[in-house]
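Written below as structure tokens is the structure these notes are about.
The values are calculated or read from the model by the stated rules, or taken from the named source; none is laboratory data. Source: prediction; values computed, not measured. Cβ atoms come from the backbone with ideal geometry, glycine included; neighbour counts cover every protein chain shown. Ligands, DNA and RNA are excluded from the accessible area calculation, which covers all protein heavy atoms including side chains. Shrake-Rupley method; radii C 1.70, N 1.55, O 1.52, S 1.80 Å.
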Amino acid sequence: MHRYRFLLSAQWIILTLVAIALIPTMIRLGFWQGHRYDERTARNNLVSEALHAKPVPVEQLSSPGHAVTRTEKYRTVTATGTFDTAKEEVVRRRTNSDGEVGFHVLTPFVLTDGKVLLVNRGWIPADGAQTAFPKIPAPPAGRTTVTGRLMADETTAASGIKNVQGLPDRQIMLINSAQQAHRLGAQVLGGYIEQTGPQTDSPEQISDPGSEDAPLNYAYMIQWWLFAAGVPVGWWFLLRREIRDQEEAAAAEAATDAQEKPEKPEETEPAAV
């Protein structure tokens with residue numbers, strides 16, 4: 001057992017404890033990546049199903065005070081009415097597909113029954129300071145039919161965007177149907193839509209939501225579990241190398257001692273007289 005006495009040294013005790021701690025940690029990280037894979041796959045499936053679902057009138061999925069659910073989000077809806085540009089607002093610090101910062105244009109859309117649907121008509125650039133209300137291309141005049149993706153009300157918790165107060169007139173940070181209902185003094189359908197039709201060049205319409213890279217999480221899961229399996233293997237190789245180094249050092253020391261030790265003179269028998 002003296003060959004393994006080095007395991008009681010501080011260096012090897014620390015190394016062994018670190019190895020023991022790393023194995024369950026890496027296993028848990030692998031399971032966490034597996035959960036992320038499942039979540040992203042489920043999200044991608046929901047989005048794909050919603051985008052490919054048959055368009056329906058917005059009143060079938062939303063109503064005043066309604067909270068848009070995960071299965072309703074991204075569903076294509078239609079609505080008929082008129083745009084109310086006099087009460088239009090812009091949403092600050094939004095980016096387009098090229099990463100440029102600008103505004104989203106939020107226009108109330110008055111339905112035939114008098115209720116209001118919030119329509120995000122798309123992105124416009126921020127020219128200069130963002131304190132003045134920007135020039136916005138006009139929507140179709142008169143009665144029109146729009147299509148769009150149904151979206152849930154934005155919150156700071158879900159979006160990470162702080163709802164800053166004291167903004168310039170007709171500028172907001174988050175799209176929230178309850179707040180808009182209070183501002184407009186009208187019945188506003190829950191959530192809002194990202195307009196997809198009629199198509200326009202300006203405002204620049206918002207692109208379809210991309211799919212999240214779920215296979216990457218699956219690869220990370222396998223990677224963490226391979227790391228966990230590699231820890232004891234690495235520890236064993238270090239152990240064998242330490243034993244080999246000690247044996248080689250002992251053999252070298254023995255050879256050196258043998259060379260340095262003086263040889264005894266050979267004993268000879270006394271000559272016969």
If I filter the stretch 192-202 for residues that are among the acidic types (D, E), surrounded by fewer than 14 Cβ atoms within 10 Å (Cβ to Cβ) and modelled with pLDDT under 90, do I get at least one hit? yes
Q195, sole failed condition from (1) touching a residue at least 60 places away in the same chain (Cβ under 8 Å); (2) assigned to a loop (DSSP other than H, G, I, E, B); (3) not basic (K, R): (2)
Take the residues in the stretch 144-160 that are open to solvent by 50 Å² or more (accessible area, probe 1.4 Å) and among the aliphatic types (A, V, I, L, M); name whichever of them is modelled with the lowest pLDDT. A158
Just to be sure I understand, how many residues within the stretch 204-236 are in a helix (DSSP H, G or I), closer than 30 Å to H104 by Cβ and open to solvent by 60 Å² or more (accessible area, probe 1.4 Å)? 1
Scan the stretch 167-183 for residues that are open to solvent by 20 Å² or more (accessible area, probe 1.4 Å) and either under 21 Å from P140 (Cα atoms) or assigned to a loop (DSSP other than H, G, I, E, B) (or both) and jot them down. L167, P168, D169, R170, N176
Could you tell me whether the stretch 131-138 includes any residue that is over 20 Å from G81 (Cα atoms), open to solvent by 20 Å² or more (accessible area, probe 1.4 Å) and within 30 Å of the chain's Cα centre (by Cα)? no
Under the condition of being open to solvent by 50 Å² or more (accessible area, probe 1.4 Å) and in contact (Cβ under 8 Å) with a residue 60 or more places away in the chain, which residue from the stretch 80-109 is farthest from H182 (Cα to Cα)? S97
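Assigned to a loop (DSSP other than H, G, I, E, B) and free of Cβ contacts under 8 Å to residues at least 40 places away in the same chain: is that true of D153 in this structure? Lay out the reasoning, then the answer.
Details: assigned to a loop (DSSP other than H, G, I, E, B): yes; free of Cβ contacts under 8 Å to residues at least 40 places away in the same chain: no.
Considered against the rule, which asks whether it is assigned to a loop (DSSP other than H, G, I, E, B) and free of Cβ contacts under 8 Å to residues at least 40 places away in the same chain, D153 comes out as no.
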